[in-house]
Amino acid sequence: MVICYIDIVENKNNYAFIDSQNLNLSIRDIGWSIDFKRFRIYLKEKYNVSKAFLFIGYVEGNNDLYKMLQESGFICIFKPTLKYKDGKTKGNCDAELVLQTMIEYNNYDKAVIVTGDGDFYCLVKYLIESDKLDSILIPNRFKFSALLKFKICQPYLRYLNDLKNKLSYHKKEKTP
């Protein structure tokens, strides 16, 4: 008699909640740009992310960027932006990220939070205590909030620094 054991792959339904401003600026700080198409595939393959919410300030004229993000599989959550007299544009999406994470709470197995911003510490702590956090993806291991370095968070920290070869954007050269 032959007994066969079949490994059953657990079909997880994880959601990612991405602070796009923190991700983009932190990655630029370490000298590269993220390829969002590759990043979406990475989230699916590495973290079983079925839905990826990307929180981004809406700037008129960036429609091609927004279209590309949506075609890459992100669900864009837009925040109106304000343009200040000094020329800076501000569209802080922290509250939207926290709210959407809680709105979707019963729809996902685990959350993947992508940020290095300590403003999300209370959310991260709640998700850990509720056994609903898979990982915190820190864009830059050398520059992120001390709040996310607390002992409770440490087992969940993952860093994007070493993924330049896998996730960096390369401009496609035009063929003559």
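So the values come out like this:
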quantity: Tilt relative to the chain, helix 94-103 - C-alpha long axis, 0 to 90 degrees, to 10; calculated: 30
quantity: ARG28-LEU157 pseudo-label distance in nm [points 7 Å out on the Cα-to-Cβ vector]; calculated: 2.5
quantity: Within the stretch 104-142, chymotrypsin sites (Phe, Trp or Tyr not before Pro) in DSSP loop having at most 11 other beta-carbon neighbours inside 10 Å; calculated: PHE142
quantity: Dipole magnitude of the stretch 10-157 about its Cα centre (Cβ charges: Lys, Arg +1; Asp, Glu -1), debye to nearest 20; calculated: 320
quantity: Under 14 Å, Cα to Cα: Lys pairs in the stretch 110-176, sequence gap 8 or more or different chains; calculated: 4
quantity: Straight-distance crosslink candidates among lysines, where the alpha carbon sits under 18 Å from LYS90 and sequence neighbours closer than 8 are dropped; calculated: LYS79
quantity: LYS83 accessible area, assembled protein chains, probe 1.4 Å, Å²; calculated: 150
quantity: Binned Cα-Cα distances of the stretch 112-176, short to long, each 5 Å bin given as a whole percent; calculated: 4, 17, 26, 19, 10, 8, 5, 4, 3, 2, 1, 0
quantity: Candidate aspartates and glutamates - alpha carbon under 18 Å from LYS51, same-chain residues fewer than 8 apart omitted; calculated: GLU10, ASP19, ASP35, GLU71, GLU96, GLU104, ASP109, ASP134
quantity: Positive dipole terminus of the chain, leading residue within GLN70, VAL124, VAL49 (C-beta point charges); calculated: GLN70
quantity: 0 to 90° range, to nearest 10: angle between helix 20-29 axis and the chain longest Cα axis; calculated: 80
quantity: Read-out log10 I(q)/I(0) by the Debye sum over Cα atoms at q = 0.13, 0.16, 0.19 Å⁻¹, derived from the coordinates shown; its label in (i) -0.68, -1.00, -1.38; (ii) -0.57, -0.88, -1.28; (iii) -0.80, -1.00, -1.17; calculated: (i)
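The values are calculated or read from the model by the stated rules, or taken from the named source; none is laboratory data. Computed from a predicted model, the values in this text were never measured in an experiment. Methodologically, a virtual Cβ is constructed for each residue, glycine included, from the backbone with ideal geometry; neighbour enumeration extends over all protein chains shown. With ligands, DNA and RNA removed, areas are computed over all heavy atoms of the protein, side chains included. Shrake-Rupley method; radii C 1.70, N 1.55, O 1.52, S 1.80 Å.
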